[in-house]
Amino acid sequence: MKKIYLLAIAALFAFASCEDALDSSNFTEANTGNYPASAGDLNKELAALYGVMNQMSTSPLQTTWFVNYIMSDDANGAGGTGDVESHAIGHLTSNKEDLFDDAWHNTYVGIARASAIIYAVDAFDWTGQETTRNQLLGEAYFMRGLFYLWGVQFWGDIPAYWDAAAPDPCPQQSAEEVIFPHILADFMSAYNLMTNGATTRGDGHATKGAAAGFLARAYMFYEGFYKKAGELAVASLADVELPEQEGVNGPLTKAQVVAALDDAIKNGGYELVDDFRLLWQYTNEITAPDYPYVADLAASGKFWAGNGNSEEIFQVQYMNAGSWNGNIAMGFTNQASLYCGLRCDDDGNGHVNGDADEMPFGQGWGQGTINANLWDDWSDADPRKKATILNAPEEIPSFVFTTSCSEDAGYYNKKWMPITCKTSSWDNFNTMYTWWGQLRMNIGGEVLDEDGNLVPKYPNNNGNSFQGEHYADMVLLRLADVMLMHAELTGDATYMNRVQRRAGVAETAYSWQNIQNERRWEFAGEGIRYNDLRRWSGKNGGENCLAARMLERQNGSRVNYTGRWSQIKHATSSWAKRYAETDGFIQIPPAQIRITADETILKQNAGWGAGVADANISGTPAY
């Protein structure tokens, strides 16, 4: 855990350009005409490439993980009565033109940086360093595939290119016919170029196992959503023709995807964490002894598995380097944690959530609260339920519904919440409010400054512990996911049963329903559910497809609004209608449409735009 203060996983500079056709801004600090000048420069480019995920993190409501979480049936947009953005996202609507401008910007910055590495790598002599060269190139292919995957899952058909730089103009391409084969090729190249053990697990770099996992995730979305394959274990799946590039050897088959997953499970160096609760930071050694729910773990000397643990395969990493200024600003802190904290306003009687009485769960914006249906649907016999969901009124008697809360049923996402400890400085939330602040003090203690005053050896660099001291990894892929994807593709329950045994639930035989249920419970609150529903439904599924029906179940679920109980209702029409209108895609930033001013180059997605009556909300819903 101490490594959070030592890792430098992002650079503040961009090294590749992006044409005006993709954004109105120039993201160039250096360009392909003068950079890279040496093989060593490529490592700086690679750091900058990973740094895009930290740039994304500055705005959680424009990240794939948080947006997909709120758009799913797992969560409500919630927050306060003035948090229009989170409500708009949760209702599959928009409230302003620039709602996803940063997401678009960062997607293309990532693509440009990855492409710059891919096309520059062989400008230098790698004799005797072929493994290093292939690992670096594999990571670049992985990241390009990842940014394109995130882009097409957000927007569908988008501008796309695979040269060193974007053409001008850069027209929209078919996600199904053009972009997805390239995505799969990028992940296949990454898998074949990288070597197991070539990087240290958990160091923030992509690995061969990560490439296998995202190859499967992309393949399953492609076959399920675009090809409407249904149950993948029994579906007859045609080979996917891939473009020619290094590391690609012919068409992609289902057997190749399964073999890659099997390789990651057996040879990737990953292991399931013994107890599901140990995946989440509320079991850290400073907090756990004073948190009754995990007292059994603390008593047996078992604590949080930590960042970069044996189950994590790919993640966004953070460190004590966030500030309120600069290019990445607070992107070095896990801002999703702040957003998911207990709603911090008072209840009208002076009580504010997030004080010592609510330990170990800290305050924040109260966004992305768990939808009541998830709690109701989930059996109490599954230990993962209470490991994932904080039933705040039940578990924390002092919890209050605030005068500004909205879409809050009292259920919070334990996996992402800010965590405090008994020894926090509760009188000053800006110094040592989270357990990370106490960890800083435990590691370094205090030293005398030049004026003879005692100051922390490792100060909080952003100066605001409540808002900025959140360093738990944002886990994007873990071994349990790889195992369940393997089971879903093969119909073999062996790996699913291993996940169930770890969870402490009864093992089940494979069925499509059982694997869907298992994915719902294992990954609840992790931002995976939404695209699972979409791929299980197929493109153009309409209002009666699985995704639309599950999303519509939010209608009428119980919520607290400004301290009184009510029922949630859709802001403009219904979740089923909005899903059917959009197929689950979000709005392409209108500014990008205006830049091109040519629908043959870029046009808005179905279900969005001025002519769609239920696409926009002007304020937060009142219940």
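The values are calculated or read from the model by the stated rules, or taken from the named source; none is laboratory data. Predicted model only: the values in this text are computed from it and were never measured. Glycine gets a Cβ as well: all are built from the backbone with ideal geometry, and neighbour counts include every protein chain shown. Only protein heavy atoms, including side chains, enter the accessible area calculation; ligands, DNA and RNA are left aside. Shrake-Rupley method; radii C 1.70, N 1.55, O 1.52, S 1.80 Å.
Can you tell me which residue within the stretch 425-450, out of those that are open to solvent by 10 Å² or more (accessible area, probe 1.4 Å) and part of a loop (DSSP other than H, G, I, E, B), is farthest from residue 475 (Cα to Cα)?
By that ranking, first place goes to 450.
Which of the helices (runs of 4 or more DSSP H) contained wholly in the stretch 39-110 include at least 2 residues that are under 13 Å from the mean Cα position of the chain (by Cα)?
Correct list: 39-57, 64-71.
Is the stretch 412-425 home to any residue that is more than 23 Å from residue 387 (Cβ to Cβ) and not acidic (Asp, Glu)?
yes
Search the stretch 242-267 for residues that are closer than 20 Å to residue 221 by Cα and pair each with any residue that is assigned to a helix (DSSP H, G or I) and of a type in the set (D, E, K, R) when their beta-carbon atoms are under 8 Å apart and the residues are at least 6 apart or on different chains.
As it stands, the answer is 264/208, since those pairs meet every condition given.
Residue 218 is checked against (1) part of a helix (DSSP H, G or I); (2) open to solvent by 30 Å² or more (accessible area, probe 1.4 Å); (3) out of contact with any strand residue (DSSP E or B) (no Cβ under 9 Å at 6 or more places or on another chain) and fails just one. What number does that condition carry?
(2)
Residue 195 fails exactly one of the following numbered conditions: (1) open to solvent by 10 Å² or more (accessible area, probe 1.4 Å); (2) at pLDDT 95 or above; (3) among the hydroxyl-bearing types (Ser, Thr, Tyr). What is the number of that condition?
Every condition holds for residue 195 apart from (2).
Residue 367 is checked against (1) open to solvent by 20 Å² or more (accessible area, probe 1.4 Å); (2) within 25 Å of residue 90 (Cα to Cα) and fails just one. What number does that condition carry?
Here residue 367 clears every test but (1).
Name the pairs: first residue in the stretch 315-334 and within 19 Å of residue 417 (Cβ to Cβ), second residue charged (D, E, K, R) and buried (at least 19 other Cβ atoms within 10 Å of the Cβ), Cβ to Cβ under 8 Å, at least 6 apart or on different chains?
Listed by first residue and then by second, the contacts come to 315/473; 316/473; 317/473; 318/473; 333/469; 334/473.
Could you give me the residue pairs with C-beta distances under 8 Å whose first residue belongs to the stretch 215-230 and is at positive phi, whose second residue is surrounded by 21 or more Cβ atoms within 10 Å (Cβ to Cβ) wherever it lies, and which are 6+ apart or on separate chains?
Every condition considered, the pairs that remain are 230/224.
Specify which of the listed residues (270, 282) is over 16 Å from residue 185 (Cβ atoms), in contact with a strand residue (DSSP E or B) (Cβ under 7 Å, 6 or more places away or on another chain) and in a helix (DSSP H, G or I).
282
In the stretch 329-353, which residue that is assigned to a strand (DSSP E or B) and either of a type in the set (D, E, K, R) or in contact with a Cys (Cβ under 7 Å, 6 or more places away or on another chain) (or both) is surrounded by the most Cβ atoms within 10 Å (Cβ to Cβ)?
Checked the stretch 329-353; the qualifying residue surrounded by the most Cβ atoms within 10 Å (Cβ to Cβ) is 343.
Which of the numbered conditions does residue 300 fail, given that it passes all the others? Conditions: (1) open to solvent by 40 Å² or more (accessible area, probe 1.4 Å); (2) in contact (Cβ under 8 Å) with a residue 24 or more places away in the chain.
The number of the failed condition is (2).
Here is a list: 165, 140, 160. Which entry is farther than 30 Å from residue 377 by Cα, out of contact with any Phe, Trp or Tyr (no Cβ under 8 Å at 6 or more places or on another chain) and open to solvent by less than 10 Å² (accessible area, probe 1.4 Å)?
Only one candidate qualifies: 140.
Restricting to the stretch 188-211, count the residues that are of a type in the set (A, V, I, L, M, F, W, C), part of a helix (DSSP H, G or I) and over 18 Å from the mean Cα position of the chain (by Cα).
Here the count works out to 3.
Pull up the stretch 590-620, narrow it to residues that are part of a loop (DSSP other than H, G, I, E, B) and of a type in the set (D, E, K, R), then point me to the one that is nearest to residue 153 (Cα to Cα).
603
Name every residue in the stretch 169-187 that is among the small types (Gly, Ala, Ser) and outside any helix (DSSP H, G or I), in order of residue number.
174 - this is the single residue of the stretch 169-187 that is among the small types (Gly, Ala, Ser) and outside any helix (DSSP H, G or I).
Every residue in the stretch 371-398 that is open to solvent by less than 20 Å² (accessible area, probe 1.4 Å) and either closer than 24 Å to residue 619 by Cβ or assigned to a loop (DSSP other than H, G, I, E, B) (or both), please.
371, 372, 378, 382, 396
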